[in-house]
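Report on the structure given below.
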Amino acid sequence: MDIKHVLVVGAGTMGQGIAQWFLTQKVRVELIDHQYEKANEAKEKIFSNFDLLKSKGKLTQEEITIFKDLLHVTTQEQLSKETDLAIEAIFEDLNVKKDLFHKLDKILPEKTIFASNTSSFPITELGASLRASRRKHFLGLHFFNPATLMKLVEIIQGQDTSADIAIKLKEWFKEKGKTPCLCADAPGFIVNRIARNFYGESLRIAQHYDQERFREIDQIVREVGGFKMGPFELMDLIGIDVNLNVTQSVYEAFFHEPRFKPHRLQKEMVTANKLGKKTKQGFYQYE
Amino acid sequence: MNNDGLNTEKILAIIEPHHPRFLQINEHFKTKSKEDALGSYKTYDLILDFSILKTKEKHLFLKELNKTTKAPIISDLSLAWPDFILKKHPQVVGGLSLVFFSPTSKVEYFAKTPSVQSEIQSFLKMLNLEGIHNHHCHLSFHYPRIISMIINEAYFALEEKLANPEDIDQAMKFGVNYPLGPIEWGQKIGLQNVLDLLQELSQITEDPRYRPSTFLKLNADKSNLK
């Protein structure tokens, strides 16, 4: 499989990171956003990142010239017909995503692989109303933030996804230095599902707001378990609300499987707007 | 007397040969099996109980041991309910979780007094381990409980054919920086230990969240199909 031309839809944090990563693989990238200005701002940010990396000696001038030349901000109406892979990284709204894919389905050639960077929605459902030939080329590509640094890409096969395409894509990402992992289309995919009780069980151990307990649990998890961060400090970093949303989403999607049940303490924190570092108060306090 | 201040002559270590640290502990202490320890009437200053038992079996064993010796006991409570054991057995002055493999060679423990804390730290140092004190160890030690739930979820994922074991391990290491993938982690701890703890938590709390994966049961050492 050869990927020479990628379309990234959505110029937010993830879209920008994904676009930047593909550029460093010398892949031509078209970047679009429903707000054209936002796509241009993302382009400037990417260019600025390249300049910074060059100043640190991590990239040469020759490399950043190539990378910058490969990035094109454009509109849906002007998309290239040479697109090998179209990745959606827009905000998490099922109907908006489905609508986007419908539109792209009419514009882009049949060979184009369609991918969603969603972390919330079933891949099969996202592609369900597309024509059969497209559904074989439809899958999930779940990058991790920041996409430029985090090696993992979850490759999610929907019910109709061609296994051959998924495997070839996995090989392609592996050649490019990512750690791609194939998984079936299930809530949370691999990481968000298996990680749930890193937080959930810790909340149950703590039971109520008690910073001394949080500190002890974090210390034990870090020092005995070898984790880089404990669950409470990590929830504060990610955002307690963000973490709760993922938990609730997985819990609902698994039809209230008890293992994924959210905890009252987390809900209380969110209700009290104690969301972590971003509100300077979460399980811990911040300056 | 060894350099760390523990008078190993007056300490009895109760341990079975299949314990992963049997050879190491045997080097430093007088050891007896559970059965032999119950028959021993020698006066010891301290008992190190490394028997790997769930709550009920641990309780019965300690009850029998109490008939043999009144020495304070530091017990491995990896699979037992600490609050229950401490309530029923005042003789137990400390507990530790030696069974659950730690990637950092650290061991979670609790101690009733600073002197017991010091004894535990000295003992662990002899095994090239470091202790991390847990002051709130009620239902179970924290690390075994959390890691068992993560490993269990990985086995549910395998059971449902979500992904292959290698991809599950890689995803957790490269997606969220776990030091080990959950599948390989379970192998290092021993799946039977993971299963035993989950079943114990399930029995004590009657919370269905601790239901073990069937695939975990199938792959545990003793194929427990309870």
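The values are calculated or read from the model by the stated rules, or taken from the named source; none is laboratory data. Remember, it's a predicted structure, so these values are computed and weren't measured experimentally. Counting neighbours? That spans all protein chains shown, and the Cβs are built from the backbone with ideal geometry, glycine included. Side chains included, ligands, DNA and RNA excluded: accessible areas come from the protein's heavy atoms. Shrake-Rupley method; radii C 1.70, N 1.55, O 1.52, S 1.80 Å.
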**Fill in**
Of those in segment B:193-212 that are facing another protein chain (nearest Cβ under 10 Å) and surrounded by 15 or more Cβ atoms within 10 Å (Cβ to Cβ), the residue nearest to B:Pro82 (Cα to Cα) is B:Leu201
**Item:** helices (runs of 4 or more DSSP H) fully within segment A:179-287 counting 1 or more residues that are over 24 Å from B:Gly186 (Cα atoms), in contact with a strand residue (DSSP E or B) (Cβ under 6 Å, 6 or more places away or on another chain) and open to solvent by less than 60 Å² (accessible area, probe 1.4 Å)
**Value:** A:231-238, A:240-253
**Complete:** When every residue in segment A:166-213 that is more than 9 Å from every other protein chain (Cβ to nearest Cβ) and aromatic (Phe, Trp, Tyr) is compared, the one farthest from B:Tyr143 (Cα to Cα) is A:Trp172
**Request:** Go through the residues of segment B:144-164 one by one and say whether even a single one is open to solvent by 20 Å² or more (accessible area, probe 1.4 Å), in a helix (DSSP H, G or I) and either in contact with an Asp or Glu (Cβ under 8 Å, 6 or more places away or on another chain) or away from chain A (no Cβ under 12 Å) (or both).
**Result:** no
**Request:** Answer yes or no: is there a residue in segment B:83-91 that is at pLDDT 95 or above, closer than 24 Å to B:Asn66 by Cβ and open to solvent by less than 20 Å² (accessible area, probe 1.4 Å).
**Result:** yes
**Message:** Quick check on my filter: what residues within segment B:60-77 are surrounded by 24 or more Cβ atoms within 10 Å (Cβ to Cβ) and in a loop (DSSP other than H, G, I, E, B)?
**Reply:** B:Leu77
**Message:** Testing B:Ala111 on (1) of a type outside the set (S, T, N, Q); (2) under 30 Å from A:Ala186 (Cβ atoms); (3) in contact with a strand residue (DSSP E or B) (Cβ under 9 Å, 6 or more places away or on another chain), one condition comes back false. Which one is that?
**Reply:** (2)
**Request:** Can you confirm whether segment A:168-175 contains a residue that is in contact (Cβ under 8 Å) with a residue 12 or more places away in the chain and more than 19 Å from A:Phe22 (Cβ to Cβ)?
**Result:** no
**Selected residue (criterion: farthest from B:Glu200 (Cα to Cα)) from residues of segment B:106-143 that are in contact (Cβ under 8 Å) with a residue 40 or more places away in the chain and facing chain A (nearest Cβ under 9 Å)** = B:Tyr143
**Request:** Name every residue in segment A:93-143 that is loosely packed, with under 14 Cβ neighbours inside 10 Å and under 21 Å from the mean Cα position of the chain (by Cα), in order of residue number.
**Result:** A:Asp93, A:Leu94, A:Asn95, A:Val96, A:Asp99
**Message:** Against the conditions (1) over 17 Å from the mean Cα position of the chain (by Cα); (2) among the β-branched types (Val, Ile, Thr); (3) assigned to a loop (DSSP other than H, G, I, E, B), where does A:Ile165 fall short? Just the number, please.
**Reply:** (3)
**Request:** Taking the options A:Lys58, A:Lys26, name whichever one is assigned to a loop (DSSP other than H, G, I, E, B), open to solvent by 50 Å² or more (accessible area, probe 1.4 Å) and within 16 Å of A:Ala147 (Cα to Cα).
**Result:** A:Lys26
**Asked** Taking segment A:144-160, which residues are open to solvent by less than 10 Å² (accessible area, probe 1.4 Å) and within 10 Å of chain B (Cβ to nearest Cβ)?
**Response** A:Leu152, A:Val153, A:Glu154, A:Ile155, A:Ile156
**Request:** Answer yes if at least one residue in segment B:109-127 is crowded, with 17+ Cβ neighbours inside 10 Å, at negative phi and part of a loop (DSSP other than H, G, I, E, B), and no otherwise.
**Result:** no
